[in-house]
Amino acid sequence: MISYKKINILDLRVTPEYILNNKDKEFYIKSPIIMYKIKDAHIHLIINKNSDSHNLFLNMCGYIDRLFKIRDIPVNLIIDNNIIVNHTDTSKFYDENSKLTSKGNFKKEGKAVCSFTCKNGEFNLSQILLIK
């Protein structure tokens, strides 16, 4: 897992299988502490425009978005200054006490830190941890 702050965008590559790699390895991107809302199969990470860390995170995600668009892969990574992350059956949800919980028991909105990968022009949630 690599924090968004430590990612060098010049090391990002999209493989022929449309997987985002850092240099030659697939990696997990770790978000800053951020507000979120769960909508259907997506988590919307809400960017605070007054936060330097959120703006850096948004710019990095925007660069990833462009990497896929250059290859004519349809993407919906950023909508209205929200980062869109898909959650799947393998995504892990942790409550405020760092205890694994089910998706159904997870709060529909709040503050969290999450990690995700990028494949086929989509961010896919690995894990999300609620922050008090």
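Just so you know, all these numbers are worked out from the coordinates, no wet-lab data involved. What you see is a predicted model, and the numbers here were worked out from it, not measured in a lab. Backbone-built Cβ (ideal geometry, glycine too); neighbour counts: all protein chains shown.
Before moving on, here are some points about what is shown:
- When you work out D = kT/(6 pi eta Rh) for the chain at 37 °C and 0.692 mPa s, using the Kirkwood radius from C-alpha pairs as Rh and the Stokes-Einstein form, the result is 221 µm²/s.
- Helix-derived mean residue ellipticity, 222 nm - over the chain, DSSP H n ≥ 4, -39500 (n - 2.57), to 500: -5000 deg cm²/dmol
- Arranged from fewest to most other beta-carbon atoms within 10 Å of their beta carbon, Leu100, Leu125, Leu45 become Leu100, Leu125, Leu45.
- Alpha-carbon centroid distance for the pair the range 69-131 / the range 3-67, whole angstrom: 11
- Proxy reagent accessibility, fewest Cβ within 10 Å first, across His44, His54: His44, His54
- Cα long-axis angle, helix 52-70 against the chain (0 to 90 degrees, to the nearest 10): 50
- Virtual spin-label span in nm between Lys119 and Lys107, 7 Å along Cα→Cβ: 3.0
- Length released on extending from Ile46 to Asn97, taking residue separation times 0.36 nm less the Cα-Cα span: 16.1 nm
- Unit charges on C-beta of K, R, D, E only; dipole of the chain, Debye: 300
- For the pair Asn76 and Met35, label points projected 7 Å from Cα toward Cβ lie 2.3 nm apart.
- For the range 2-130, with +1 on Lys and Arg beta carbons and -1 on Asp and Glu, the positive-most of Asn120, Ile78, Ile33 along the dipole: Ile33
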